[in-house]
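Visitor: I'd like to ask some things about the structure below.
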Amino acid sequence: MARKNPRVEEPDEAKIEVTGHPKTWAAGIPGVYHSMKPAIEHMGPDRSRKTLLALNQKDGFDCMSCAWPDPGHRKTFEFCENGAKAVTWEATPVVIGSEFWTEHPVSELRQRTEYWLGMQGRLTEPVYKRAGEDHYRPVSWEQAFSVIADKLTGLPSPDQATFYTSGRTSNEAAFLYQLFVRAYGTNNLPDCSNMCHESSGWAMGQTIGIGKATISYDDFAKADLIIIMGQNPGTNHPRMLTALEEAKEAGCEIVAVNPLPEAGLMRYKNPQTVKGIVGRGTQIADQFMQVRIGGDMALLQAVSRRVLDAEAKNPGTVLDHQFLEEHCQGLDELRAHLAELDEAAVLEATGLRTEEIDELAARYLKAEKVIITWAMGITQHKKAVATIKEIINLLLLRGNMGKPGAGASPIRGHSNVQGDRTMGIWEQMPPAFLDALGKEFSFDPPRQHGVDAVETIRQMRDGGIKVFVGLGGNLVGAISDTQAAVAAMENTELSVQISTKLNRSHTVTGAEALILPTMGRAEFDQQESGPQFVSVEDTVCAVHPSHGTVRPVAPGLLSEVAIVSRLAREVVGDSIQADWAGFEKNYDLIRDHISHVVAGCEDYNRKIRQEGGFVLPNGPRDSRTFNTPTGKAMLTVNELEHVERPAGTLILQSMRSHDQFNTTIYGHNDRYRGIKKGRDVVFVSPQDLAELGLSDGQYVDVHGVYKDNAERVLRNFRVVSYPTATGCAAAYYPEANVLVPLDSVAEGSQTPVSKAVIVRLEPAKEQAPA
């Protein structure tokens, strides 16, 4: 079954093609073609059938890409193009053989692209790079665990190690991982949420007492108005388009707020409907508001001001006074603050016309049930937390919380990133969780807060953290300030990566380095007590099982649960009352402990076996109860601050292409934006090109502008004339991470400010491609 790694050609950026205007619709027949072509080519017909037909089914496995929820009634094909690509990428039978490590020194692998690394195939055996050597070499599992245990137990303090987690990790593995780390003696548990929706958790936790969506999947079809902010569902979570189509068919209006006109925000051709195949499909956005980068907070305040003005003109008829009086606090302060809002400042910050804001306000005032949904375009700003608090303000004013068809909907970007946090993957877990954990396993967990992702890089750079362990993910590739991240990882004594495939973080290592291969989510997990399954939590708090359906690509692979269990046995042993060996044999034992520790997960083994799993309790959604210090939802006052743009500069956002998921690059085409055979491009409006004296097709160096005056630059990028908001630009992630300063973070949440980077474009110093 397994095949050796194929010959993979690196992209030639000199051959990049720009095909014209961006697409105005998403999916359709091309979506089917681009889903199935790589699956058949890389997995073959039989493995493709076994995986894709089980993807997101009640008796199958959960998609390892986005966290979009599953509908109650599943279709035969319950997956999208990017989901199919994610399965193909992870479930490929192509494997890396032992000879690969002899043929490719780490210094050579470091020069390779994320695409080339990922295309080499699945990792199948532990490999170890000794200090001073340039090659990984295969080792036994026992040797690998011994190296880690010796290093961890030899550190003067447990806080000199950090334990990162990716959002693909299952609930069972995440719970064990945080237990192991806290038994070891530290709360250093950074995760990928630190870089994405941490701002949502901070803002929502402070205002409504929970950092999760307050809606269910079915609420989309019950809404009168859906406001989509700072996200591109056509690429990043395409199955959302079906929910939006269902909402439109039920009479809902949709407003899209984004600096870029994305295909999935305009029109959707559902490939499972007749009109999606032979017709025009469904128009998604009734109104598209092309806001300038960083202008969302001003827009939200302006709409709330209009709502309050309408109430003043018609007292008692606009606001939901009963809801506000019974469940909220801070209305008078908010009203007084917004009365001073400067309309001219709003228009400058947003780049919108007054009429456009008036139209959105009119739609909001007309609607009885409103959902506001957002993603990275909101969370990765300096004022991200304040902006999300303004989303909550607007929803609360008319009681759009805790009723069908209404609420707040942050869309999580990775399959189980929300579940990992529920299971305790956070450097700042509350005392109640730590108390329950300590009682369950008869030990005293550490209470001092640990480090998040950004602080991890700082402390590795400065020598405070000496060991890095990553359960999945690609921290070096994913986090801001690439040069700082590289230097930080190189300054560690040992780096350990638990992974399915190669990525950048395997090539940038500590003095010593280990790669531990693990099973993929699509693979059948057989342990001593029998077949096992795991569980995950989606973006609307639904928890469901995930059963692998195909044989593992190699006989020696261990599951994530097995790896964590064996590592814990080596490092902490019987220092706490935990049956590490038993956990590996039977995952039900893990779920029994989860039942006793994690609020809302009582009787976990029974509930997870119900058809479709179960939904975690959610106070704002279920009963309009708010776990805040006052017991009420908080309307908040937030000082407006928009992104200042010095003369001759632009505000750049990083973004995914259509051919990638996070740092995983599936190919070099972004067909919705008209880009083929390359990624080194910067999108700029025609007006800005004219003002800067640049032209479409010209090659430029993109310089980051920040107060520390450090050199951060992308060399030799092709300019693409594109209808982005004026004063703004865009480039692909993770390449653009090099421009984001490590210390440029959101206030409160510490999330990297990847969506508002001040840049200066200069004609390229290097020779442009012919």
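Visitor: Counting only protein heavy atoms and a 1.4 Å probe, tell me what percentage of the chain's accessible area is made up of carbon and sulfur.
Guide: C and S atoms contribute 50 percent here.
Visitor: So for the range 494-603, averaging the separation of alpha carbon pairs under 8 Å that are six or more residues apart and normalising by length, what relative contact order in percent results?
Guide: 21
Visitor: Any of Lys248/Lys275; Lys212/Lys366; Lys222/Lys755; Lys75/Lys275 with alpha carbons more than 24 Å apart? Name them for me.
Guide: Result: Lys212/Lys366; Lys222/Lys755 exceed 24 Å.
Visitor: Now for a separate question. Could you work out how far the C-alpha centroid of the range 412-432 sits from that of the range 650-694, in angstrom?
Guide: Centre-to-centre distance over Cα atoms comes out at 32 Å.
Visitor: Straight-line reach from Lys632: which aspartates and glutamates have Cα under 20 Å away, leaving out those fewer than 8 places along the same chain?
Guide: Those aspartates and glutamates meeting the cut-off are Asp320, Glu325, Glu326, Asp332, Glu333, Glu390, Asp622.
Visitor: What is the range 260-307's relative contact order, in percent, from Cα pairs under 8 angstrom and six or more apart in sequence?
Guide: 30
Visitor: Using the Cα gyration tensor of the range 401-509, with a ≥ b ≥ c the square roots of its eigenvalues, what is the shape: rounded (a/c below 1.5), prolate (a/b larger than b/c) or oblate (neither)?
Guide: The shape class here is oblate.
Visitor: Counting only DSSP beta bridges with both residues in the chain, what percent are antiparallel, rounded to the nearest 5?
Guide: That works out to approximately 40 percent antiparallel.
Visitor: Only Cα pairs under 8 Å and at least 6 apart count here; give the relative contact order of the range 82-173 as a rounded whole percent.
Guide: Relative contact order comes out at 24 percent.
Visitor: Here is a follow-up. Quick check on packing: order 169-181, 104-116 by the mean number of other C-beta atoms within 10 Å, highest mean leading.
Guide: 169-181, 104-116
Visitor: So if R0 is 56 Å, what FRET efficiency would Gln687 and Glu602 give, r being the distance between their Cβ atoms, rounded to the nearest 0.05?
Guide: Efficiency, rounded to the nearest 0.05: 0.45.
Visitor: Can you give the helix-only mean residue ellipticity at 222 nm for the chain, where every DSSP H stretch with n ≥ 4 adds -39500 (n - 2.57) and the sum goes over all residues, rounded to the nearest 500 deg cm²/dmol?
Guide: Helix-only estimate at 222 nm: -10000 deg cm²/dmol.
Visitor: If you roll a 1.4 Å probe over the heavy atoms of the protein chains, what accessible area per residue do you get for the range 224-356, in Å²?
Guide: The answer is 37 Å² per residue.
Visitor: Within 10 Å, count the other beta carbons around each residue, average over each peptide in 187-195, 75-83, and list them highest first.
Guide: In decreasing order of mean packing, 187-195, 75-83 become 187-195, 75-83.
The values are calculated or read from the model by the stated rules, or taken from the named source; none is laboratory data. Bear in mind the structure is a predicted one, so any value in this text is a computation, not a measurement. Note: ideal-geometry Cβ built from the backbone for every residue, glycine included; neighbour counts use all protein chains shown. Just the protein is used for accessible areas: all its heavy atoms, side chains included, with ligands, DNA and RNA removed. Shrake-Rupley method; radii C 1.70, N 1.55, O 1.52, S 1.80 Å.
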